[in-house]
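A.B. asks: Take a look at the following structure, please.
Values quoted throughout were computed directly from the atomic coordinates according to the rules given, and no laboratory measurement underlies them. As the structure is a prediction and not an experimental result, all values here were calculated from the model. Positions of Cβ are generated from backbone atoms using ideal geometry, with glycine treated the same way; all protein chains shown enter the neighbour counts.
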Amino acid sequence: MAAVDANPFVNPNGGKVIPVESAQELVKNHVHPNAAEAVPRRYIRPQEERPTVSLLASSEFSIPVIDMKKLIILQGQEDQRKQEMERLSDACQEWGFFQIVNHGIPHSLIDEIKAVAKNFFNLPLEEKQKSAPQGGDPQGYGQLFVTSEDQTLDWGDLLALSLKPNQIKNLALWPTVPTNFRDTVERYALEVERVAQEVLSLFAENLHLEDADSFKNVFGSEPMNLMRMNFYPACPRPDLVLGLSPHADGGGVTLLLQDDETVGLHVRKNNQWIPVEPIPYAFVINIGDLMEVMTNGKYRSIEHRAVTNKERARLSIANFYNASVDAEVAPSAKLVDEHHPCLYRQFIHKDYILYHLSKPLKGKRHLAEFAKLDISNT
Ligand SMILES: O=C(O)CCC(=O)C(=O)O
Ligand SMILES: [Fe+2]
């Protein structure tokens, strides 16, 4: 059973997460299609934050796609594997983002997890509110990043659940409707962990660390698997709002399932926003802040955001695969030398989570404020 009392993240901000109205309810109850004034003021972004897209974005200029099948070690296929490993290395260093295909997660399970998530968000509000956050525990249904009354709001609702370890798993918040929700999430979690661990091994190999388990060892015996289902209702003025504020993910690696039809994820590259075209059954993978630290900045945790769509709602499911709560995180000694000074201080993972959770989502600032070393005099 979940040992909720032992959750170390309860009240990360003195319990100051401010509840806000569900974006889905707002659309249902108040917004009149096509009326500019229909978007309440609290959602309207200042001019410089509104969603423009880079003119450079094209099929040639988009995040790389990695074929996991080519990374299996097969006799006679060494050259193909080497090339794909190099593409993966470029993706991590140049983009911090890539998509994977042929990852081995059954398509039927991907259909199932999307279906249970959609079914959940389509429930009446009263049913969804049974999963509302309790007592400062930063999990559940609603918005978790609203920490001040004057913050611009995101046009989206979310359901955040800690799947692992048991210490932070709060089954009381897990929906019981649809009835197959729990079972589907549990099966999906195992598959996501398997892929996340494979990805960590590939990173370690590419960086020539001691062995393929180097990152897994730092992640420790109780790695965290946090899931966030994001639902962005259609918005009458997608040009004025954002579905999810620009942010970098705080953890190790993120595996994201996108909606197949609706583009919504934007990745920041050279100060421009590049949309990520959905590939059915692919996962978008991105490097989180912990990975940036462990690779001493070689792999980059990149800012991203979600935009909304005028006609269609969009669903995404993110799993954050993170180190154990008590893991000591620091740049790998192998990646620090006289030409590559140590860029980050060592810290305990839990302290960074508490810091991250206590702030509104804000670009890349969290990691820089928390752990970046000043190397200007070295
Ligand atoms: O909805 C998306 O595509 C992005 C989701 C995301 O970045 C997150 O949940 O951290
Ligand atoms: Fe994210």
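A.B. asks: With viscosity set to 1.306 mPa s and temperature to 10 °C, compute the Stokes-Einstein D of segment 177-290, Rh being the Kirkwood radius across alpha carbon pairs; µm²/s, no decimals.
C.D. replies: Estimated diffusion coefficient is 96 µm²/s.
A.B. asks: Something else now. Taking only the alpha carbons of segment 67-179, what extent do you get along each of the three principal axes, in Å, biggest first?
C.D. replies: Cα spread of segment 67-179 along its principal axes, largest to smallest: 58, 37, 29 Å.
A.B. asks: Using Cα pairs closer than 8 Å and at least 6 residues apart in sequence, work out the relative contact order for the chain, in percent.
C.D. replies: Worked out over the chain, it gives 22 percent.
A.B. asks: Pop out the Kirkwood hydrodynamic radius of segment 207-346 from its pairwise C-alpha distances, inverse of mean 1/r, in Å to one decimal.
C.D. replies: Answer for segment 207-346: a Kirkwood hydrodynamic radius of 16.5 Å.
A.B. asks: On to the next question. So if I take the alpha carbon set of segment 288-378, get Rg, then get Rh from the Kirkwood formula, what is the Rg over Rh ratio?
C.D. replies: Result for segment 288-378 is an Rg/Rh of 1.05.
A.B. asks: Translational diffusion coefficient of segment 100-157 at 37 °C, 0.692 mPa s, Stokes-Einstein with Kirkwood Rh over Cα pairs, in µm²/s as a whole number.
C.D. replies: Diffusion coefficient, whole number: 232 µm²/s.
A.B. asks: Where Rh is the Kirkwood radius over the Cα pairs of segment 123-238, the temperature 37 °C and the viscosity 0.692 mPa s, what D in µm²/s does Stokes-Einstein return?
C.D. replies: Translational D for this selection: 197 µm²/s.
A.B. asks: Now a separate question. Is the shape of segment 149-214 best called rounded, prolate or oblate, per the rule: a/c under 1.5 gives rounded, else a/b larger than b/c gives prolate, else oblate, with a ≥ b ≥ c the square roots of the Cα gyration tensor eigenvalues?
C.D. replies: oblate
A.B. asks: Here is a further query. How far, in degrees from 0 to 90, does helix 107-121 lean away from the longest principal axis of the Cα atoms of the chain, to the nearest 10?
C.D. replies: 30 degrees
A.B. asks: Okay, next question. Provide Rg over Rh for the chain; use the alpha carbon set for both Rg and the Kirkwood Rh (inverse mean inverse pair distance).
C.D. replies: With Rh from the inverse mean 1/r over Cα pairs, Rg/Rh is 0.95.
A.B. asks: May I ask for the angle, rounded to the nearest 10°, between helix 181-206 and the longest principal axis of the chain, with both axes built from Cα atoms and the value confined to 0 to 90°?
C.D. replies: 30 degrees
A.B. asks: Using all alpha carbons of segment 306-347, what is the percent of pairwise distances in each 10 Å bin, ordered from the shortest bin to the longest?
C.D. replies: Pairs per bin, as whole percents: 19, 27, 20, 20, 14, 1.
A.B. asks: Going through segment 124-224, which GluC sites (Glu not before Pro) have at most 12 other Cβ atoms within 10 Å and a DSSP loop state?
C.D. replies: Filter output for segment 124-224: Glu149, Glu210.
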